[in-house]
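The values are calculated or read from the model by the stated rules, or taken from the named source; none is laboratory data. The shown structure was predicted, so the numbers you read here are calculated from the model rather than taken from an experiment. For neighbour counting, all protein chains shown are included, and Cβ atoms are generated from backbone atoms with ideal geometry for every residue, glycine included. Ligands, DNA and RNA are stripped out before the accessible areas are found, and what is left, the full protein with its side chains, is counted by its heavy atoms. Shrake-Rupley method; radii C 1.70, N 1.55, O 1.52, S 1.80 Å.
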Amino acid sequence: QVQLVESGGGLVQPGGSLRLSCAASRSIFNINRLGWYRQAPGKERELVAQITSGGTTDYGDSVKDRFTISRDSAKNTVTLQMNSRKPEETAVYYCRAVAAGVHSWGQGTQVTVSS
């Protein structure tokens, strides 16, 4: 299992940008999938974006063309660049890693989109 620590959350205005980072406790070289999920109050957790060890990316329909996920094996981090934020995207954002069938989650970071 890998420990994950998210950072970069906070308050952002509608239309603004924010970058989240997730640091892993060990090398991410052989972690099959790294991703970001979010959970708004009263809603189910949903996929925001994920990236495979080979660099293939997948995005939730509502964030395509606005968000970008990337991974840095040298720093053992996965980053989510979020642009053109919307108020309805206020949520706790979680980092997830899948390696050898084991799922690991971070504690989450609050992102609030509000003026």
Open item on the list: Between Thr56 and Thr112, what's the calculated FRET efficiency when r is the beta-carbon distance and R0 is 35 Å? Round to 0.05.
Closed with: 0.70
TODO: Note down the nm distance, to one decimal, between modelled labels 7 Å out along Cα→Cβ at Arg45 and at Ser7.
DONE: 2.2
- [ ] Two decimals is fine: what's Rg over Rh for region 15-81, C-alpha atoms, Kirkwood radius as Rh?
- [x] 0.98
Open item on the list: Give me the percent relative contact order of the chain, please, defined on Cα pairs under 8 angstrom at least 6 residues apart.
Closed with: 38
TODO: Whole number in Å², please: accessible area per residue of the chain, 1.4 Å probe, ligands, DNA and RNA not counted.
DONE: 53
Task: Carbon plus sulfur fraction of accessible area for the chain, probe 1.4 Å, in percent - done: 46
Open item on the list: How large is the direction-averaged shadow of the alpha-carbon convex hull of the chain, in nm²?
Closed with: 6.6
Open item on the list: Please list, by residue number, every one of the chymotrypsin sites (Phe, Trp or Tyr not before Pro) in region 1-80 that is coil in DSSP and has at most 12 other beta-carbon atoms within 10 Å.
Closed with: Phe29
